[in-house]
Amino acid sequence: MKFIVQWNGHPTVQQSAVERFMKTGGALPPDGIKMIGRWHSIGELSGCAIIESESTAPMAAWVLQWGDVFTFRISPALSDEELGAALGAHQAGQ
């Protein structure tokens, strides 16, 4: 299943977030998560990633690695095709 991961940094810890990112390269997610892509906002501590995972446990571990400097929002994601199939099934059931 795909997920949209969004994060926002706490302004008071910007320097430590920058240092950790530079040291780790952003620390790739743990086993069990395939990162499809990651993007960063310019001029602020925020961004988003699209990931794939069959379990929420690796997502929890990944968020905990950065939880002292970022807040996270993780939402299930559907492609156009997946959403179209769901909408079609819904309409057929009405």
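The values are calculated or read from the model by the stated rules, or taken from the named source; none is laboratory data. As the structure is a computational prediction, the values presented were derived from the model and not from experiment. Cβ sites come from the backbone with ideal geometry, for glycine too, and all protein chains shown count toward neighbours.
The set of residues in the stretch 39-55 that are assigned to a loop (DSSP other than H, G, I, E, B), touching a strand residue (DSSP E or B) at 6+ places or on another chain (Cβ under 8 Å) and at pLDDT below 95 comprises Ser41, Glu44, Leu45. Looking at Phe72, Phe3, just one residue is of a type outside the set (Lys, Arg), part of a strand (DSSP E or B) and in contact with a helix residue (DSSP H, G or I) (Cβ under 6 Å, 6 or more places away or on another chain), and that residue is Phe72. The condition of being part of a loop (DSSP other than H, G, I, E, B), touching a residue at least 24 places away in the same chain (Cβ under 8 Å) and either within 11 Å of the chain's Cα centre (by Cα) or surrounded by 12 or more Cβ atoms within 10 Å (Cβ to Cβ) (or both) does not hold for Pro58. Kindly establish whether His10 is in contact with a Gly (Cβ under 6 Å, 6 or more places away or on another chain) and of a type outside the set (Val, Ile, Thr). Against the criterion (in contact with a Gly (Cβ under 6 Å, 6 or more places away or on another chain) and of a type outside the set (Val, Ile, Thr)), His10 does not qualify. Against the criterion of being surrounded by 15 or more Cβ atoms within 10 Å (Cβ to Cβ) and either outside any helix (DSSP H, G or I) or touching a His at 6+ places or on another chain (Cβ under 6 Å) (or both), Pro29 qualifies. Residues of the stretch 61-77 that are surrounded by 13 or more Cβ atoms within 10 Å (Cβ to Cβ) and over 18 Å from Asn8 (Cβ atoms): Ala61, Ala77.
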